[in-house]
1. Quick check for me: using +1 on Lys/Arg Cβ and -1 on Asp/Glu Cβ, what's the dipole size of the protein assembly as shown about its Cα centre, in debye to the nearest 20?
2. Mind giving me the FRET efficiency for B:ILE170 and B:LEU10? R0 is 45 Å, r the Cβ-Cβ distance, nearest 0.05 is fine.
3. For A:GLU275, put the label point 7 Å out on the Cα→Cβ axis and report which residues of region A:223-254 keep their amide N under 13 Å from it.
4. Percent relative contact order of region B:165-266, based on C-alpha pairs within less than 8 angstrom and at least six residues apart?
5. Sequence gap at least 6, Cα distance under 8 Å: using those rules, report the relative contact order of region B:88-313 to the nearest whole percent.
6. Listed highest first by mean packing, meaning other Cβ atoms within 10 Å per residue, what order do B:59-69, A:472-482, A:104-114 come in?
7. Would you mind computing, in nm to one decimal, how far apart the modelled labels at B:GLN74 and B:LEU159 are, each placed 7 Å from Cα along Cα→Cβ?
8. What is the local net charge at A:ASP400, summed over the other residues whose Cβ is closer than 14 Å to its Cβ (Lys, Arg +1; Asp, Glu -1)?
Amino acid sequence: MALLGRRDFSRGALALGALALGPLGAMPAHAEPKKGGTLIYASVSGPGTLDPHVSSSAVELEVIHNVFEGLVALDNRNATRPMLASKATASADARTYTFELRRGVKFHTGEELTSADVKASLERYQRVSPNAGNLAGIERYETPDPYTFIIHLKAPNVVLLDVLKSPIFPFMILPASQKDKPARGIDVIGTGPFSLGEWVKDSHLVIKRFDGYVPDTSAPGRDGYAGRKTVYVDQVRYRFIPEATTRIAALQTGEVQLASSIPTELRERIEQRKELAVREVFPVGGTYVIVNSQYGLTANVLIRQAIAAAIDITEITDATGGVNKPNPWMSFPNTPYYLGESAPSPWYDVKSPAKAKELLKKAGYKNEKIIIETNSNYQWMRTTMLVVAEQLKRAGMNVDVKVVDWTTNAAHMQQGTGEWNLSTTLFGPDHILGPQQWRPMIYAFPSIKGNDALDAAYKEFFAAPDLEQRRAAWLKIQQQVLGNGYMIKIADSGRLSGYSKRLMGQTDYPGILQLWDVWLDPAG
Amino acid sequence: MIRLTLLKLLQAVPVILIVSVLAFLLMSLLPGDPAVLIAGDQATPEAIEQVRRNLGLDRPFLEQLGIWFLHLLQGQFGSSLMLNQTVLSAMAERLPVTLSLAGLSIAITLPIGIFAGSVAAYYRQSWVDSLVMGVALLGVSIPGFWIAILSVIVFSVILGWLPSSGYVPIDQGAIEWLRSMILPAIMLSLFQIGFLARMTRSAMLDVLSQDFIRTARSKGLSEWVTVGKHAFRNALILVITTMGILVSTAIGGSVVIEQVFALPGIGRLVVQGILARDYPLVQGVMLIYGFAFVAINLAVDLLYTVADPRVRYD
């Protein structure tokens, strides 16, 4: 899914998973978790809604994942792990999925979770969520008893559980009473380890430890978004501070213990203080040049390949700064669909103006204009496209750079509108969740139409019963997307967060902010 | 006075009408489709069309305009798309913050600006004049954004005197409220003090060179009475005009200050609304701002009659 939704920008959030707490290297070995205290977190901006079924922006999900839970969730290795379910099983024909629910799980109202709540939640999801298309293959739901929930599918779907673990537009379970509530109109009641406290829009939001929380005792400890969750802090106060310098100032003065989205050029201000530290949250997303395959010159595959051949990744990442690592693939290392060295990736980091010129000649290029569209809101995007423009000029292309605002830029990419050949964006959890999650983005952003090989590869993917076959199909998909220059991968990228060394106890799982199992060291 | 007020209110009607139409035109002038924003990143064309229908964006332009005015006449300023609440309630929540900021900033600006301008005029072409005008020039020239960030670093991080950001409502303690607002208010007033000082100096110089001041002095009136009463009263008209501008710039300037100091006021609301293409919100706020500026100008016009009995509008 696209991380850079337009609404995301309005709240200052650049990417999903913009923050995860760190392993806190300064933590002494004997540190014991301590209960109590208020953790204050400086976030870029506040959520517009806490309705999980319609939320895709980081600032919303940073609250939502601490308040709500789904049937399944991503674990530390990005695999699927039951969360509200105690067990999830698929039938041999992959058309029926049965979930056994954990017993005694309570909503924040004190009511017990039952299969009726699960059914009502998924029905609501199908009605209100922009991501509802992922449930289109569902024939019906069945609730034979309060602790069993069954999904019947119209056709086999081997990746349904992978769909249900999505951290954006998450499939969170709400009380059945919320079933008919409109999008963005729910009462914020979940089963998560925190419940919602005071919320003053644009100012602050408080989540409080839910003392009635029923942890998953089958797990030895925390595990990604799942596992046994323990809350040590009494409450967490999110403060919405849009200006980076002010967020850092709040960290320096001790007003907050954690701050998100630290610009690279300001990290030193934090690191020069012995009581503070900076954490690199990596990987958070992958950056791409998007090539519009339905507009002008770039409808020609040879021109797209020429553009890809001219790109020098190191030049781009050197210019943009930040936390970047080269990766030719559309999955992060250590995820099930990462292909690593198992296959060649001849489209990546070619940096050959000569090859680009050769392809241009073959395409019959006559110095027509190639339009690059970028935006005034995100410096890294602007820098990326300015460097790309120079690289294309070096390969003999006639380039025009157009700067618009991010909302317009994003809308053009998502809808294939506007007059542009190249642009750039960042994609996030798609790199974790895999091809099924990528699908709408792959087709929408470069406006891919009529590519039979890609359609066939996707068909193969959805029909493949085992992972190896699906990985083979994923290779074909990437060969189509990257090899034919619809999208040009730049790098995997991360973000910086700043924190007080008083804040203890996190894993290094780079997910969306998780506030369970952290504590404040009173002696720090 | 009542007749004058009514006359001024009547004159405000076409202004408000124009502001209303301009606010409405935002929807069609700005690039980007709000329906796409609301429907979300992965919405199908059908879902986007459904949102467009729900918002009435599929109707003819004039019909949309008619509906907009009809709603305005019913006191409906629309509902924010991103906040899921009405524009009026969103503004009402944030109004105390912006009013606190603007009010405190004006309270700081007026005495300092008028005093500095008067002193500069009285000691014209002396080192005092040069010093005051030099500082005033700095005040109007320094970018608000830069000085605000610098003030956070100096007064919060280095000196530790004040909190770096955030707003404490006055009902949670007047001292804490003042601590949260004083730095933003001073930063907002820097430009205004400089501006007011320069305007006051200019007005006072004008008046101090007039015959009646010489007469007052030759009558043996003290300098305090001559300058403080006779000169200042006559310079007041220009100062009142400037005050109208100051209130307007305080509200406008609050956008930047609220952003830097993380104050949940109307300025920040507008910025978020624009970035999120929350058209109803921006339209509503723009309209209410339009009303507010009309009211400010009306108040200034009425104050003229109080300050200068010669001013008559009939």
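1. That gives a dipole near 1260 debye.
2. With R0 = 45 Å, the Cβ-Cβ based efficiency is 0.75.
3. Label zone hits: A:250-254.
4. 41
5. Across region B:88-313, relative contact order equals 28 percent.
6. A:472-482, A:104-114, B:59-69
7. In this crude label model, B:GLN74 to B:LEU159 measures out at 5.4 nm.
8. -1
The values are calculated or read from the model by the stated rules, or taken from the named source; none is laboratory data. Here the structure is a predicted model, which is why all the values come from computation and not from measurement. Backbone-built Cβ (ideal geometry, glycine too); neighbour counts: all protein chains shown. Ligands, DNA and RNA are excluded from the accessible area calculation, which covers all protein heavy atoms including side chains. Shrake-Rupley method; radii C 1.70, N 1.55, O 1.52, S 1.80 Å.
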